[in-house]
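Enquirer: Let me begin by handing over the structure; questions about it come next.
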Amino acid sequence: MYLVAEIERQFGLTFSVDVLFEAPTLEQLAAKISTGGVSTGAYVTLVNEGTKPPLFCVSGTGGHVFRLRPFAVHLETDQPVYGLHFPGIDSHEQPCESVEDVAIDMIEKIRSKQPYGPYYLAGYSYGGLVCYEIAQRLTKAGESIGLLVLLDTSPHLPIVADYNEKLLAMIKAEQEEEVFVFAHLRKILEANENAERRYSPPLDICGKVALFRTDQSHTVHNSPTLGWDRLVPSGLAVYPIEGTHDTMLEDPYVKGLSEKLRMALSKELKCVI
């Protein structure tokens with residue numbers, strides 16, 4: 001995010017963080033700057049190739065999809081994967097302070113790529129709550145959900161009450177000289193924290209939920225379902241995975257996570273076919 005902010009300041013351009021995916025090399029980035037190209041994509045392409053229905057992913061509280069790329073590339077070559085940024089991740093946008101508003105924004109982005117279902121959704125941590133709300137809204141609108149994937153997501157706030165405060169402190173310690181960037185990140189984190197605190201998940205109506213949980217999930221629930229069994233009366237599958245909440249998307253654990261998710265997706269696709 002600092003690189004994008006610095007480009008905006010130095011060249012007087014408005015860039016989306018998506019540009020770092022579209023132009024990963026210095027030559028490509030220079031070409032973007034020289035043409036004044038502004039990325040306004042509704043989603044970020046994590047894996048473009050594949051004939052299967054796309055998987056739409058939402059990251060955790062910070063909002064960036066960059067962390068999901070290793071998870072996406074380990075799935076398989078035939079699986080397109082797209083990441084959805086939280087509103088406000090770009091400096092010219094304002095963050096949403098309710099899960100419902102974030103879901104409305106992301107549904108519009110999803111439908112710009114895939115107008116009709118079945119939809120395949122995956123959300124990590126807080127992003128899982130957003131995907132849950134997206135799934136309920138799409139189902140109410142008459143669309144079908146192929147699979148809703150919750151990556152170590154609890155329907156309630158973590159037991160560590162100051163979890164986000166610790167994250168904010170870490171960012172400040174590492175980037176205290178980058179006042180603009182820190183202020184923007186703090187704005188997003190606080191908006192998402194407020195949204196998570198106020199959100200009350202409704203009873204599930206999509207019926208196809210896969211929970212991938214670590215042995216060290218940072219929630220108030222020690223049950224295998226993290227409390228989702230009370231909201232998902234049928235169609236809930238639980239997959240134990242290695243690692244912790246913070247390391248599950250990193251080596252060496254991310255490959256095992258992707259393999260289990262690939263099997264879950266294949267199972268649902270066979271049912272559809």
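The values are calculated or read from the model by the stated rules, or taken from the named source; none is laboratory data. Just so you know, these numbers come straight off a predicted model, no measurement behind them. Methodologically, a virtual Cβ is constructed for each residue, glycine included, from the backbone with ideal geometry; neighbour enumeration extends over all protein chains shown.
Enquirer: Just to be sure, is Tyr163 hydroxyl-bearing (Ser, Thr, Tyr) and either under 17 Å from Tyr132 (Cα atoms) or modelled with pLDDT of 80 or more (or both)?
Expert: no
Enquirer: Then there is this: Considering only residues that are within 16 Å of His64 (Cβ to Cβ) and surrounded by 15 or more Cβ atoms within 10 Å (Cβ to Cβ), look in region 173-185 and name the one that is modelled with the highest pLDDT.
Expert: Among residues in region 173-185 that are within 16 Å of His64 (Cβ to Cβ) and surrounded by 15 or more Cβ atoms within 10 Å (Cβ to Cβ), the one modelled with the highest pLDDT is Leu185.
Enquirer: If we scan region 126-141, do we find a residue that is assigned to a loop (DSSP other than H, G, I, E, B), assigned by TED's automatic domain parsing to the domain that holds Leu265 and either modelled with pLDDT under 95 or at positive phi (or both)?
Expert: no
Enquirer: Which strands (runs of 3 or more DSSP E) does region 1-113 wholly contain that include 3 or more residues that are modelled with pLDDT of 90 or more and in the same structural domain as Pro201 (by TED's automatic domain parsing)?
Expert: Details: elements: 44-47, 55-58, 81-84.
It comes to 55-58, 81-84.
Enquirer: Go over the candidates Asp246, Asp251, Asp204 one by one and state the one that is in a loop (DSSP other than H, G, I, E, B), in the same structural domain as Ser125 (by TED's automatic domain parsing) and surrounded by 19 or more Cβ atoms within 10 Å (Cβ to Cβ).
Expert: Only one candidate passes the filter, namely Asp204.
For (1) surrounded by 19 or more Cβ atoms within 10 Å (Cβ to Cβ); (2) over 23 Å from Met263 (Cα atoms), each residue gets a yes or a no:
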| position | (1), (2) |
| --- | --- |
| Tyr43 | yes, yes |
| Leu46 | yes, no |
| Pro53 | yes, no |
| Val58 | yes, no |
| Phe66 | no, yes |
| Val81 | yes, no |
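Enquirer: Output the qualifying pairs, or none if there are none: Cβ atoms under 9 angstrom, residues six or more apart or on different chains, first residue in region 248-260 and more than 20 Å from Val238 (Cβ to Cβ), second residue among the charged types (D, E, K, R) and not in a loop (DSSP other than H, G, I, E, B).
Expert: Glu250/Arg67; Pro252/Glu242
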